[in-house]
Ligand code: S3P
């Protein structure tokens, strides 16, 4: 299927190695949470290094519609001024392409004393919402949906705490339930099959919530949040494209600065090490409760590996670019237990299999992942679709750099969802 795209990008083979430094842009997950949680805190919060990607701007727009004052102090610094109480929006709330906005905000809005409607774009309207509707209903929420797809019509009501055994390791589900629990009667506990990203837990604790995590169980009590100064770490999911590019383009040697290294997000670093890649932490510091550091990456001879189970939530958004990396590694890579990848901005198991196959890769689609046999050279000379999916756009850009003939990426504008300066940052190390 051909999409209506605004930007058709031609990418050519790169002739030299990547050299230099890149400061990694702010983390998308943390930027969303910084706006949301500051909006719930009474007083003035300041957010440094906020990501001005389309998804986070959707979250900002939502909270402005809910009566919160949000101002830019500079290009990347925001102040959020709230009286700690959200007000009934005058219009339906547009989540754009952002699943995080819709799923986390459904938890915030379900317990308010007003009604609201959450809707999104074509891609978001196809994504499953039962995963948040089901636990919220157990807490007493009243939500009407389009057969568990958005728009979500939320009738605000008083919620009560539950113990929820989540069938999936999803930070969006966990955060939705914990945020509902912040404003519910009694105690709310979420238990996950594997640990998913814990940015909500860290930031809620930093802002004074009564929250405790033990292993994969997190409990929250009704709490008021304190306004804070929050500095957003760099996004390892954005760093992933540079990491893989440097590993697979001969003669590369780069340094990535200010990368978020929260252990619930560093699955790609673990996998690169397992594949024999040269990746090194240069330092580690803590910024607003999150691990941050600089990393060095050099071109490497990679070998295939297995990726499954508890690995998956720690690298779920990196699987498209990891699949590309595996095509450039000697031997077999098996990625399994990743069925949730079908529920992202596109069905990433099918879209990535088809895209990499068109380039010349030996990749087999499985219900829950891929089997990839490397190393294959990409012949290129093809047009690839992005299907409203920013991570496909960036993965194909890297593929183009190692393809014999030029490739065309249709719908390259989707990079702006998480990384508006992706191409110019890349140009800086070419
Ligand atoms: C996110 C969690 C992940 C991830 C998404 C952002 C978050 O989704 O894929 O891009 O900010 O909580 P799931 O938790 O549903 O796996």
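The values are calculated or read from the model by the stated rules, or taken from the named source; none is laboratory data. This one's a predicted model, so the numbers in the text were calculated from it and none came from an experiment. Note: ideal-geometry Cβ built from the backbone for every residue, glycine included; neighbour counts use all protein chains shown.
Values as computed for the structure displayed
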{"item": "Selection within segment 182-197 - outside any loop (DSSP other than H, G, I, E, B), within 16 Å of the ligand (Cβ to nearest atom) and buried (at least 19 other Cβ atoms within 10 Å of the Cβ)", "result": "190"}
{"item": "Conditions (1) within 15 Å of the ligand (Cβ to nearest atom); (2) farther than 19 Å from residue 259 by Cβ: number failed by residue 51", "result": "(2)"}
{"item": "All positions within segment 12-33 that are out of contact with any helix residue (DSSP H, G or I) (no Cβ under 7 Å at 6 or more places or on another chain) and within 16 Å of the ligand (Cβ to nearest atom)", "result": "26, 27"}
{"item": "Sole residue being outside the structural domain of residue 138 (by TED's automatic domain parsing) and within 16 Å of the ligand (Cβ to nearest atom), chosen from 238, 252, 200", "result": "238"}
{"item": "Filter result (free of Cβ contacts under 8 Å to residues at least 60 places away in the same chain and in contact with a strand residue (DSSP E or B) (Cβ under 9 Å, 6 or more places away or on another chain)) within segment 87-111", "result": "88, 89, 91, 92, 93, 94, 95, 102, 109"}
{"item": "Test for residue 145: is it crowded, with 21+ Cβ neighbours inside 10 Å, away from the ligand (no atom under 13 Å from the Cβ), in the same structural domain as residue 225 (by TED's automatic domain parsing) and outside any helix (DSSP H, G or I)", "result": "no"}
{"item": "Only listed residue being in a loop (DSSP other than H, G, I, E, B) and either out of contact with any strand residue (DSSP E or B) (no Cβ under 9 Å at 6 or more places or on another chain) or closer than 30 Å to residue 426 by Cβ (or both), chosen from 58, 76", "result": "76"}
{"item": "Selection status of residue 324, within 16 Å of the ligand (Cβ to nearest atom) and either more than 18 Å from residue 429 (Cβ to Cβ) or outside the structural domain of residue 174 (by TED's automatic domain parsing) (or both)", "result": "no"}
{"item": "Members of segment 98-119 found to be buried (at least 24 other Cβ atoms within 10 Å of the Cβ) and in a loop (DSSP other than H, G, I, E, B), listed by number", "result": "98, 111"}
{"item": "Residues being surrounded by fewer than 18 Cβ atoms within 10 Å (Cβ to Cβ) and in a strand (DSSP E or B) - total across segment 387-407", "result": "2"}
{"item": "Test: residue in segment 285-308 that is part of a helix (DSSP H, G or I) and within 18 Å of the chain's Cα centre (by Cα)", "result": "no"}
{"item": "Filtered residue count, segment 203-219, keeping only those that are assigned to a strand (DSSP E or B) and either more than 17 Å from residue 132 (Cα to Cα) or more than 16 Å from the ligand (Cβ to nearest atom) (or both)", "result": "6"}
{"item": "Any hit, segment 151-174, residues being touching a residue at least 12 places away in the same chain (Cβ under 8 Å), outside any strand (DSSP E or B) and on the phi > 0 side of the Ramachandran plot", "result": "no"}
{"item": "Candidate set from segment 120-139 (those that are within 16 Å of the ligand (Cβ to nearest atom) and under 19 Å from residue 40 (Cβ atoms)); member that is surrounded by the fewest Cβ atoms within 10 Å (Cβ to Cβ)", "result": "136"}
{"item": "Of the criteria (1) in contact with a helix residue (DSSP H, G or I) (Cβ under 8 Å, 6 or more places away or on another chain); (2) touching a residue at least 40 places away in the same chain (Cβ under 8 Å); (3) within 13 Å of the ligand (Cβ to nearest atom), which one residue 343 fails", "result": "(1)"}
{"item": "Some residue of segment 363-386 being without any contact (Cβ under 8 Å) to a residue 24 or more places away in the chain and outside any helix (DSSP H, G or I)", "result": "yes"}
{"item": "Filter result for residue 347 (more than 23 Å from residue 127 (Cα to Cα) and not assigned by TED's automatic domain parsing to the domain that holds residue 173)", "result": "no"}
{"item": "Test result for residue 105, in contact with a helix residue (DSSP H, G or I) (Cβ under 7 Å, 6 or more places away or on another chain) and either away from the ligand (no atom under 16 Å from the Cβ) or under 17 Å from residue 184 (Cα atoms) (or both)", "result": "yes"}
{"item": "Residue list for segment 151-163, filter: in contact with a helix residue (DSSP H, G or I) (Cβ under 6 Å, 6 or more places away or on another chain) and surrounded by fewer than 22 Cβ atoms within 10 Å (Cβ to Cβ)", "result": "161, 162"}
{"item": "Single condition residue 337 does not satisfy, out of (1) more than 14 Å from the ligand (Cβ to nearest atom); (2) more than 25 Å from residue 256 (Cβ to Cβ); (3) touching a helix residue (DSSP H, G or I) at 6+ places or on another chain (Cβ under 7 Å)", "result": "(1)"}
